[in-house]
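See structure below.
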Amino acid sequence: MITMKRKTQILTWAVVLLLITNSVTIATILYHNYRERKNQENITITSSGGTNMINGRFLRQELGFDQTQMDVFRQANQEFRPTAMFITDNIDSLKNEMFVELREIKPDTVKLDNLSEMIGQLHGQLKQETYTFYLRLKNICSPEQQAELEKAFLPLFKNERMTTLPGQHRRKGWNRD
């Protein structure tokens, strides 16, 4: 039989082991929550002119957002990001479908018209989501912060240019030869 002293030692080690296990579990949960929160703050907004990083770090460092402003950003970001990604994925899918049809020997122009119309509608929806997100952020900004926010969003609302093909050069005016 196990003596009373031996039982106490076993129970003491069991408690120590449980304390260590709980501490590691709690630390892991806190770390993952921290990482998830950081990931939720990040959003990459891409325009035809390149990538424009508008994320929590940018808003804190460049615009000087305080904690209240960051809380509003996180809420707005949680609503905007999945919607924007869903719309963008749908646009990409339709563009792929369109290109597949264009490669056919006799492309169906009715199908191409429909795809083009759907892409246009989704693009309009994406612009609406983007300006709604922008306005939510603008509403919590000071006038100085608004000016910086405007600079960050400017590429998203500039004219889209057709990209040049390899070997071609962009011309600033019409060639009148």
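At full extension, residue 61 and residue 27 could sit 9.5 nm farther apart than now, given 0.36 nm per residue minus the alpha carbon distance. Starting at 0 and stepping by 5 Å, how many percent of the alpha carbon pairs of the stretch 55-157 end up in each bin? Going out from 0 Å in 5 Å bins, the stretch 55-157 shows 2, 11, 19, 18, 13, 10, 9, 7, 6, 4, 2, 0 percent.
Every read-out reported here was derived from the displayed coordinates using simple, explicitly stated rules and does not represent laboratory data. If you're wondering where the values come from, they're calculated on a predicted model, not measured in any experiment.
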